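Here is the structure we will look at.
The values are calculated or read from the model by the stated rules, or taken from the named source; none is laboratory data. Keep in mind the model is a prediction, meaning the values are calculated, not measured. Cβ coordinates were reconstructed from backbone atoms using ideal geometry, including for glycine residues, and neighbour counts include every protein chain displayed.
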Amino acid sequence: MWSKIDRGRIGKQVKMYMNDTGLMSAILDWHYDDVARDSDKSGNLIETFVYNQISAQVDLDGDVNLYHYRDYDNHEIDMILESKNEIMGIEIKSSSRFDEEHFKNLRWFAKKYTHKPFFGIVIYTGDLAISFNDNMYLVPINNLWE
């Protein structure tokens, strides 16, 4: 539903993920040392891994739709989960440090699309879980399994 509001502003390029990070690494000929030294490569692997974990859960629940958001003004959100009653935006970061900038596009989206309650989550490789007053949450990647 939210994608129909501003259809002319939303990018039409599809974002695709591999369904296996090991297969992804093999196809791209990425080895441990390559990934450890290259934050773009490690970020791509982490984003792919988290996407696969969350999308598997979404597939089990037929009441939730999964989207990727990108518009022509460079607003991008890695994952949008929409149910009948709410919308959740998820940003996936390979950083172990919290940066307020990680919430920029989630907060923009929350202000723009107000027809349902919105929750924003930044999943990162750090250790602290933090809840903010504006329905924004910083969540360690390890919490996906707790």
For this session: Mind telling me which of the residues Glu86, Glu91, Glu82 ends up being closer than 21 Å to Val139 by Cβ, among the acidic types (Asp, Glu) and surrounded by fewer than 14 Cβ atoms within 10 Å (Cβ to Cβ)?
Result: Glu86
Seminar exercise, completed: Counted residues in segment 11-37 being surrounded by 13 or more Cβ atoms within 10 Å (Cβ to Cβ) and closer than 21 Å to Glu91 by Cα come to 8
Problem set entry | Test: residue in segment 106-121 that is out of contact with any strand residue (DSSP E or B) (no Cβ under 7 Å at 6 or more places or on another chain), polar (S, T, N, Q) and farther than 18 Å from Lys15 by Cα | yes
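Okay, residues lined up against (1) hydroxyl-bearing (Ser, Thr, Tyr); (2) modelled with pLDDT under 95; (3) closer than 20 Å to Met24 by Cβ; (4) assigned to a strand (DSSP E or B):
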{"position": "Ala56", "(1), (2), (3), (4)": "no, yes, yes, no"}
{"position": "Tyr67", "(1), (2), (3), (4)": "yes, yes, no, yes"}
{"position": "Asn85", "(1), (2), (3), (4)": "no, yes, no, no"}
{"position": "His115", "(1), (2), (3), (4)": "no, yes, no, no"}
{"position": "Asn143", "(1), (2), (3), (4)": "no, yes, no, no"}
